[in-house]
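Reviewing the structure listed below.
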Amino acid sequence: MKRALWISLLPLLLAGCREGDQPAPESKPAPTLAQELNAMSPEDQLDFLRKLDQERPNDAVVAFHFGNAYYSIGSAYPAEENDRAFAYYDSAVAAYTRAVEIDTTYSKAYVNMGIAYEAWAKKPDARRALRKAVEVNPDDVLAHCHLGQLEQSYGDYAEAVRLYRRALVLDPNSAQAHYNLGLAFAEQKVFREAMVEWEKVIALDPDGELGKTAAENVRIIRQYLEASP
């Protein structure tokens, strides 16, 4: 049976910024830092952030966005240029590390650090970072989803399912948690339970990438079950 697509990193999911830079109270809200950066290329983001860093030294949010920009550049390199990609992941980890040194409760920086470590083929480091994210913020849904995904990659389905279910206690409408739970079931050949989870994803995210992939996975499973004796 075709293996379902594994979608955990939607565009910059990477965890989103915990905005310490909320819009100013004007009639037309000023864009947040994240919104400003999203309109730029990662290289332009770095230039912008270097200037901002001079104005806002020791700002965890600025360090966090440095990490996101470095990660984005690294992730754009093809597999045959891993050495160049890994250099940017190294810079991303350094930036996220700076963010959590400034603010030890910044769980999203730990989440993205874990993602960068995993892309850098350093799974033990990724696991430590993601466990730290859950430790400093037990209510971080995305931290549970990513840690569950990593435990699943180690073959620990019981722990992965536990983490996904915890994420769903925190947010019953998390399409990511339902998707990952469905994939955990499917990889264990518990196909009907997988379809139940993916049907929920389709309802929650009908036009998004997760919803579309869940729909394709449901189609594949139904085809498989119909062909089975």
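Annotations for the structure displayed:
- Selection status of VAL93, touching an Asp or Glu at 6+ places or on another chain (Cβ under 6 Å), on the phi < 0 side of the Ramachandran plot, assigned by TED's automatic domain parsing to the domain that holds ASN38 and crowded, with 21+ Cβ neighbours inside 10 Å: no
- Those residues of region 149-187 which are part of a helix (DSSP H, G or I) and among the small types (Gly, Ala, Ser), in sequence order: SER153, ALA158, ALA160, ALA167, ALA175, ALA177, GLY182, ALA184, ALA186
- ARG50 within 15 Å of ALA99 (Cα to Cα), free of Cβ contacts under 8 Å to residues at least 24 places away in the same chain and in contact with a helix residue (DSSP H, G or I) (Cβ under 7 Å, 6 or more places away or on another chain): no
- Enumeration of residues in region 108-157 that are aliphatic (A, V, I, L, M) and surrounded by fewer than 16 Cβ atoms within 10 Å (Cβ to Cβ): ALA121
- First in region 114-131 and over 16 Å from HIS144 (Cα atoms) and hydroxyl-bearing (Ser, Thr, Tyr), second anywhere and modelled with pLDDT of 95 or more and in a helix (DSSP H, G or I), Cβ under 7 Å, 6 or more apart: TYR117/VAL93; TYR117/ASP125; TYR117/ALA126; TYR117/ALA129
- Subset of region 125-148 [over 24 Å from PHE185 (Cα atoms) and either among the charged types (D, E, K, R) or part of a helix (DSSP H, G or I) (or both)]: ASP125, ARG128, ALA129, LYS132, ALA133, GLU135, VAL136
- Within region 127-181, considering residues that are touching a Phe, Trp or Tyr at 6+ places or on another chain (Cβ under 6 Å) and in the same structural domain as GLU209 (by TED's automatic domain parsing), the one nearest to LEU204 (Cα to Cα): ALA177
- Residue within region 57-64 that is surrounded by 16 or more Cβ atoms within 10 Å (Cβ to Cβ) and farther than 29 Å from ALA177 by Cβ present: yes
The values are calculated or read from the model by the stated rules, or taken from the named source; none is laboratory data. Predicted model, so just to flag it, every value in this text is computed and none were measured. We place every Cβ from the backbone using ideal geometry, glycine too, and count neighbours over all the protein chains shown.
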